[in-house]
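**Q** This is the structure I want to talk about, given as structure tokens.
The values are calculated or read from the model by the stated rules, or taken from the named source; none is laboratory data. All values reported here derive from a predicted model rather than from experimental measurement. A quick note on method: Cβ atoms are made from the backbone with ideal geometry, for glycine too, and the neighbour counts reach across all protein chains shown.
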Amino acid sequence: MKLVNEVFKRSKYNPLITHHDMPYLCQAVFNPGAAMIEGETILLLRVEDLEGKSHLTVARSKDGVTDWRIESEPLMSPAQEAGPYEEYGCEDPRITYLEDLDQWVIAYTAYSAFGSGVALATTKDFLTAGRSGLVLAPNNKDAAIFPRKIKDRYWMLHRPSAGDIQHIWLNQSTDLTHWGKPWCVIMERAGPMWDGVKVGAGTVPIETPEGWLILYHGVKQFAYAFTYRVGAALLDLEDPRRLIARLPYWVLGPHAHYEVTGALPNVVFPCGHTQVGDEIRVYYGAADSCVCLATAHISELLELLRKYRT
């Protein structure tokens, strides 16, 4: 019998990429952003070096599953005169194509002694990238930009930290530089809930006829450890500040051996997705150690969400 929280199906090729597959020495590879260009899948890998800092490296595959061609040099790294706000690394990219700009925008976490802030960069070819720098000051992370303007404005999910309170917020911008009008859209639910400790954006929002499909990570705290799982919600298409539906249960959680053991056990952490018709391919980091893939049907996720519309 299929359980309700088994919406996503893991790839039989998991883990897709580990540190053994990298063309240079590193500690781990995980939490990739994803894009599809002319039928080819591109992953922007978060790679942790042997010093402990993270950088972003491009991997390409014709089928999005096997035969990954991984660049021997990072696309973005702290060593590229990135400034003091990226001294410790570039982390957890989400990639959005904006048709009006004809380029990809990379939202990522810039990590330094100042804390974790939200930074943006742009690229047309994933061969070079131009940094825009910090757009949201620390402590803030888990940013993902919507794939089109809504009411002549760009919108971005992000997760500021206010001590132990960590909800998902929205910001608006007319130029991708100045962001304002914050709005809390998905709250951590506290208590024993699977997403009770903190929540954060997962992949870039997915436009559907019924609303913006949001995949997010939720965290539950056990005695001395955290467990990261994936949930789903739906926001209004023309007013994403309005939460339409939210599943009370998770749809992907750590069970496979590569998810429950690693640098940070019991973690599935999605940052990227591609879409082919009704199928969504979600690329995620497992246990902060490797890159994995799980697939689901958008129609099935929407059917589940209909039962919990507000």
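**Q** Among the residues of region 189-201, is any under 22 Å from L44 (Cβ atoms), touching a residue at least 12 places away in the same chain (Cβ under 8 Å), of a type outside the set (K, R) and surrounded by 21 or more Cβ atoms within 10 Å (Cβ to Cβ)? It would help to see each step written out before you state the result.
**A** Here is the first cut: in region 189-201, the residues under 22 Å from L44 (Cβ atoms) are 200-201.
Adding the requirement that they be touching a residue at least 12 places away in the same chain (Cβ under 8 Å) leaves 200-201.
Cutting the leftovers down to of a type outside the set (K, R) gives us 200-201.
Retained after the next criterion (residues that are surrounded by 21 or more Cβ atoms within 10 Å (Cβ to Cβ)): 200-201.
Within region 189-201, one or more residues are under 22 Å from L44 (Cβ atoms), touching a residue at least 12 places away in the same chain (Cβ under 8 Å), of a type outside the set (K, R) and surrounded by 21 or more Cβ atoms within 10 Å (Cβ to Cβ).
**Q** Follow-up. Quick check on D288: is it more than 14 Å from R10 (Cβ to Cβ), among the charged types (D, E, K, R) and crowded, with 17+ Cβ neighbours inside 10 Å? Walk me through it before giving the result.
**A** Values: more than 14 Å from R10 (Cβ to Cβ): yes; among the charged types (D, E, K, R): yes; crowded, with 17+ Cβ neighbours inside 10 Å: yes.
Yes, satisfied.
**Q** Another question, then. Could you count how many residues in region 151-166 are farther than 14 Å from G115 by Cβ and surrounded by fewer than 18 Cβ atoms within 10 Å (Cβ to Cβ)?
**A** Summing the residues that are farther than 14 Å from G115 by Cβ and surrounded by fewer than 18 Cβ atoms within 10 Å (Cβ to Cβ) in region 151-166 gives 5.
**Q** Could you check R281 against (1) outside any strand (DSSP E or B); (2) surrounded by fewer than 23 Cβ atoms within 10 Å (Cβ to Cβ) and say which number it fails?
**A** The number of the failed condition is (1).
**Q** Give the residues of region 37-60 that are under 22 Å from A263 (Cα atoms) and surrounded by fewer than 19 Cβ atoms within 10 Å (Cβ to Cβ), sorted by residue number.
**A** Within region 37-60, D49, L50, E51, G52 qualify.
**Q** Could you check region 169-240 for strands (runs of 3 or more DSSP E) lying wholly inside it with 1 or more residues that are at pLDDT 95 or above and of a type in the set (F, W, Y)? Break it down into steps so the answer makes sense when it comes.
**A** Details: elements: 179-186, 198-201, 206-208, 211-221, 226-235.
Per the criteria, 179-186, 211-221, 226-235.
**Q** While we're on this one: I'd like the residue in region 260-278 that is aliphatic (A, V, I, L, M) and crowded, with 20+ Cβ neighbours inside 10 Å and, out of all such residues, is nearest to K220 (Cα to Cα). Before the answer, list the steps.
**A** Initially, region 260-278 is screened for residues aliphatic (A, V, I, L, M), giving 260, 263-264, 267-268, 276.
From what's left, crowded, with 20+ Cβ neighbours inside 10 Å: 267-268.
On the way: V267: 11, V268: 12 Å.
Here the answer is V267.
**Q** Test K124 against the criterion of being within 22 Å of L243 (Cβ to Cβ) and either loosely packed, with under 15 Cβ neighbours inside 10 Å or touching an Asp or Glu at 6+ places or on another chain (Cβ under 9 Å) (or both), and give yes or no. Outline the logic, then answer.
**A** Working: within 22 Å of L243 (Cβ to Cβ): no; either loosely packed, with under 15 Cβ neighbours inside 10 Å or touching an Asp or Glu at 6+ places or on another chain (Cβ under 9 Å) (or both): yes.
No: the conditions fail for K124.
**Q** Another one. Examine region 68-78 for a residue that is within 22 Å of V282 (Cα to Cα), part of a strand (DSSP E or B) and without any contact (Cβ under 8 Å) to a residue 40 or more places away in the chain, and state whether such a residue exists. Even if it seems obvious, please write down each step before you answer.
**A** Pass one, region 68-78, residues within 22 Å of V282 (Cα to Cα): 68-71, 75.
Add one more test, that the residue is part of a strand (DSSP E or B), and what stays is 69-70.
Narrowing the set further to residues that are without any contact (Cβ under 8 Å) to a residue 40 or more places away in the chain leaves 69.
Checking region 68-78: at least one residue is within 22 Å of V282 (Cα to Cα), part of a strand (DSSP E or B) and without any contact (Cβ under 8 Å) to a residue 40 or more places away in the chain.
**Q** So which residues in region 84-136 are in contact (Cβ under 8 Å) with a residue 12 or more places away in the chain, assigned to a loop (DSSP other than H, G, I, E, B) and of a type in the set (D, E)?
**A** E87, E99, D100, D102
**Q** Name the residues in region 75-95 that are surrounded by fewer than 21 Cβ atoms within 10 Å (Cβ to Cβ) and under 18 Å from T128 (Cα atoms), would you?
**A** S77, A79, Q80, E81, A82, G83
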